[in-house]
Amino acid sequence: MTLKKGSREIRLFFLFLFIGLLADLTMYVFNQIGLGDKNKFVYNFYSLIEALFFIYLIKTYVKNVKAEGLANTLFIFTPIFWVSLQVLRWFFPIQQYYPGLVFDLYYEISFSFLAGIVLLEMVEKYDSVSDKPMFWIFLGIFFYCFCTFFIATFLNTELSKNLWFLHNVFNIITYGFYTVGLWKYYKTQKLNLIKKET
């Protein structure tokens, strides 16, 4: 019901989660068949999709005029920046340079800040935010971007490999927030359907 009758943002959210599943499955298959070196490309491409989805949601929901202007600018800038980093890597191959590191740091810092603004706006607007589905989704975005930024700082280092389990922990908690948001959305839809029938 959530997917069939959901808003455009919720449908896009399902698509985003599905693409994430495909990316994880692809990397798993690559590891199994000995093509693990291709995982960097899959990870890089998924980072772009994730960043575009996050900034699209933020720019759709943010009400602060300055933050909205920044979000609109970043929505245009993000894919251009991603492509520029890939081209730079292609034409100037440097051993220690990894485009994903720079890109992840950029979007995780800026988007956690903007998601925090959206959360603050929701808290100021509503008496109770715990029943608002998008609050939980933005909480997930904020939590994920804020926490994984620290791990992305050490990407491609030995320390990153040792800390990667934390990335998995943050991911699980984030999906917990998303699940609560989708459950709240489902409950709201169900309630609206009951009201229409009576």
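Here are some notes:
- Matching residues in the range 73-91 - criterion: being modelled with pLDDT under 95 and within 25 Å of Thr174 (Cα to Cα): Trp82
- Total residues in the range 169-195 satisfying the condition of being over 15 Å from Pro133 (Cβ atoms) and among the hydrophobic types (A, V, I, L, M, F, W, C): the figure is 6.
- Yes/no for Phe16 being assigned to a helix (DSSP H, G or I), open to solvent by less than 40 Å² (accessible area, probe 1.4 Å), closer than 17 Å to Cys145 by Cα and not small (Gly, Ala, Ser): yes
- Residue in the range 45-64 that is open to solvent by 50 Å² or more (accessible area, probe 1.4 Å), of a type in the set (Phe, Trp, Tyr), over 20 Å from Val118 (Cα atoms) and without any contact (Cβ under 8 Å) to a residue 12 or more places away in the chain present: no
- Restricted to the range 25-143, the set of helices (runs of 4 or more DSSP H) holding at least 2 residues that are among the acidic types (Asp, Glu) comprises 99-125.
- Residues in the range 104-143 that are open to solvent by less than 20 Å² (accessible area, probe 1.4 Å) and within 13 Å of the chain's Cα centre (by Cα): Asp104, Tyr107, Glu108, Phe111, Ser112, Leu114, Ala115, Ile137, Phe138, Gly140, Ile141.
- Within the range 18-36, the residues that satisfy the criterion of being under 21 Å from Tyr175 (Cβ atoms) and aliphatic (A, V, I, L, M) are Ile19, Leu21, Leu22, Ala23, Leu25, Met27.
- Taking first residues from the range 179-190 that are in contact (Cβ under 8 Å) with a residue 12 or more places away in the chain and closer than 14 Å to Phe14 by Cβ and partners that are open to solvent by less than 60 Å² (accessible area, probe 1.4 Å) and among the polar types (S, T, N, Q), the Cβ contacts under 8 Å between residues at least 6 apart in sequence or on separate chains come to Leu182/Thr2; Tyr185/Thr2; Tyr186/Thr2; Gln189/Thr2.
- Looking across the range 1-13, the residues that are part of a helix (DSSP H, G or I) and at pLDDT 75 or above come down to Arg8, Glu9, Ile10, Arg11, Leu12, Phe13.
- Any chance Leu35 is more than 16 Å from the chain's Cα centre (by Cα), loosely packed, with under 14 Cβ neighbours inside 10 Å and over 26 Å from Gln189 (Cα atoms): yes
The values are calculated or read from the model by the stated rules, or taken from the named source; none is laboratory data. Predicted model only: the values in this text are computed from it and were never measured. Methodologically, a virtual Cβ is constructed for each residue, glycine included, from the backbone with ideal geometry; neighbour enumeration extends over all protein chains shown. Heads up: the accessible areas ignore ligands, DNA and RNA and are worked out on the full protein's heavy atoms, side chains in. Shrake-Rupley method; radii C 1.70, N 1.55, O 1.52, S 1.80 Å.
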